[in-house]
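Read through the structure below, which is laid out as structure tokens, and then see the notes.
The values are calculated or read from the model by the stated rules, or taken from the named source; none is laboratory data. Worth saying up front: this structure is predicted, and the values here are computed from it rather than measured. Please note: Cβ atoms are built from the backbone with ideal geometry, for glycine as well, and neighbour counts cover all protein chains shown. Ligands, DNA and RNA are stripped out before the accessible areas are found, and what is left, the full protein with its side chains, is counted by its heavy atoms. Shrake-Rupley method; radii C 1.70, N 1.55, O 1.52, S 1.80 Å.
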Amino acid sequence: MIKDKISLSKNIFDQYFLILLIIYITFQVFIFANTLSMVPDELNYIGVSHGFSLLDRQPPPIDYGSIYWFLLKIFHYKILIRLVFLLFFITPVLLIPILIEDKIGRLIYFLLYISFPYAFWTGKLVGPEILIVFICTLSLLCLKYRKLKLSNVLLGLGLGIKITIAPFILFYYLLLILKVKVPAKKFPIYILYFALGLWLSNPLNIDLYLMHLTSSSNVSGDISSGILNKISLEKIGANLFSLNWAWDNVMLGSFSQMFLNPLLLVILTFVLFQKNNKLNIIIFYAFFVVSIILTSSTNTMYVWYWFPFIPALIVCFSDYKINCINSGKTRALIFLLVLIVGFNSYKNIIYTSRQISEKMSSIEFYRGLNETEACLRNSIPNIESKVIINKLDFGYRTKKLFPTHTEKLHLGSEIGDEPTIILFSRNNIQNPYNLESLGKKVKLNYYGSCSDQVFIFYSD
């Protein structure tokens, strides 16, 4: 009788999980399918991929592996490539029932996940960071079913796409050694499969890719030239706790801003700490510390360096067991877990809803783009004779109508003496980061607006 009640209770938790999952995926399909509101990086990447050939004997563009650019090229249709990356993005939640055995643990992890602003990120969706999360999650699936050769190929592929997967690779090998307890004599075989994945990511130019990554002219080389010399307590604090309202264009910010306060993370893992789960949590913290070192040693702390945190956190829940729901201790632990989720949701709801609102406004803008185009042409006399700096990050047509000159808008840079018109979207105006950076050396004068979406400024 008691067992039947426990089974029924756990089935109810699974039903809640399924309902929430359907709602979440429906929302994400809507966001990802509106590909005409791509951000500048995505527009740039799609353009780069069109001129890319897997047969070229040269370093891959922008430090990302050849297989990534090949993927963008073969799924070149804008909606299709977004839906492909949607699958990559939601893989961690789709695999929750497989990777987390306890039904209550599944629901709590998913509730925690959707309390992260990351879960509703609408920025650079077609980017290697999401592909890396997909690869990390699949490697955990392979690890669960002891498909160790395949998981090593996947991780080699991930490293060949983007070097920021490195902390997760350490995390995986610690699981392999300490938890799976793979014999040392088998490691050379797994290293060979890892090397195979690395080669598959850049089949004709793996040597050029590796040389390019370790050169001093890029971020990765900057890291390798002396990680510890670049770290300070100030950078670590900023990396973990600071707030920066950049979202779509350049994803700057902190771990706390994208996921949860590290102090809450400590409480969470303390609650999850059980005899059969303690090794998972200890290994997870090794990953967390290495991630802090990596992200705090770069000149620019991009939040997407933290994205492998999502699949790594699953491991903390994977062996967590709730044996008796009616136990007072169990109820207290569940209450504490729900309290952590609730507090994190409350903390992030304003930030997350603001980003969703901005994405919706960009979709609304694009739907009315014909009227906006006509308005802009009518609002700006002799538009052909002026330099247009286009900060409208809403899609291909606005880029074609007004070519982008963002190289003139680097922080602290000067705009030339010629008459210059600067177009801002509403979400740019709401975001003080953009105007503050422009206002450092450029005096902007308000010129007019088109609908409630586009604001026009000019510099004398």
Pull up all non-local amide H partners of Ser449: gap of 5 or more, or a different chain, and H-to-H distance under 5 Å with H placed in the peptide plane.
Ile456
Which of the trypsin sites (Lys or Arg not before Pro) found in the range 268-349 are in a DSSP loop and have at most 11 neighbouring Cβ atoms, other than their own, within 10 Å?
Lys275
If I take R0 = 25 Å and measure r between the Cβ atoms of Ala374 and Asn445 in this structure, what FRET efficiency does the formula 1/(1 + (r/R0)^6) give, to the nearest 0.05?
0.60
Percent of accessible area on the range 116-199 owned by carbon and sulfur, 1.4 Å probe?
76 percent
Around Ser201 (Cβ within 13 Å, Cβ-to-Cβ, excluding Ser201; K/R +1, D/E -1) the net charge comes to -1
Treat each spin label as a single point 7 Å out from the Cα along the C-beta direction, and report the Lys179 to Ser345 distance in nm.
2.7 nm
For the range 77-138, what is the relative contact order in percent, using Cα pairs closer than 8 Å and at least 6 residues apart in sequence?
54 percent
Return the distance in nm (one decimal) between the two label points of a simple spin-label model at Lys275 and His50, each offset 7 Å from Cα along Cα→Cβ.
6.3 nm
Roughly how many Å² is the accessible area per residue of the range 41-153, as a whole number, for a 1.4 Å probe?
33 Å²
Protein accessible area in the range 285-335, 1.4 Å probe - carbon and sulfur %:
63 percent
